[in-house]
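Let me begin by presenting the structure, written as structure tokens, before commenting on it.
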Amino acid sequence: MALLKNFFIVIFGVLLFFHANATLICPTTCSAHPDCDGYCKGQNFTKGTCVLGPNLPPGVYDCCCSKPNKL
């Protein structure tokens, strides 16, 4: 139960951070692209981060790319 609670806290924090500061898309998994940051930068994003995906099996992470919102 504690693991599930921590999971939602981490997801909420990451999504809140990205939502406030950037456009976020998760085009692939980190197992397909272990260098998520490098993959995202190659796709013209500023940053890539591995995030626990809500619809993925345990241990599989989404590679999420972000780009700052233009004001």
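The values are calculated or read from the model by the stated rules, or taken from the named source; none is laboratory data. If you're wondering where the values come from, they're calculated on a predicted model, not measured in any experiment. Cβ: placed from backbone, ideal geometry, glycine included. Neighbour counts: every protein chain shown.
Within the stretch 56-71, the set of residues being under 22 Å from L3 (Cβ atoms) and surrounded by fewer than 18 Cβ atoms within 10 Å (Cβ to Cβ) comprises L56, P57, P58, G59, V60, Y61.
Which residue is nearest to S66 (Cα to Cα), if the candidates are limited to the stretch 27-55 and must be among the hydroxyl-bearing types (S, T, Y) and crowded, with 18+ Cβ neighbours inside 10 Å?
As a first pass, look at the stretch 27-55 and keep what is among the hydroxyl-bearing types (S, T, Y): 28-29, 31, 39, 46, 49.
Applying the additional criterion that residues be crowded, with 18+ Cβ neighbours inside 10 Å yields 39, 49.
Numbers: Y39: 12, T49: 8 Å.
If we take residues in the stretch 27-55 being among the hydroxyl-bearing types (S, T, Y) and crowded, with 18+ Cβ neighbours inside 10 Å, then T49 is nearest to S66 (Cα to Cα).
Checking every residue in the stretch 12-23 against the condition of being at pLDDT 65 or above and under 9 Å from the mean Cα position of the chain (by Cα) gives zero matches. Among the conditions (1) closer than 26 Å to L3 by Cα; (2) surrounded by 12 or more Cβ atoms within 10 Å (Cβ to Cβ); (3) polar (S, T, N, Q), the only one that T23 does not satisfy is (1).
Mind listing whichever residues of the stretch 26-71 are of a type in the set (G, A, S) and at negative phi?
In the first step, residues of the stretch 26-71 are kept if they are of a type in the set (G, A, S); the result is 31-32, 38, 42, 48, 53, 59, 66.
The answer is S31, A32, G38, G42, G48, G53, S66.
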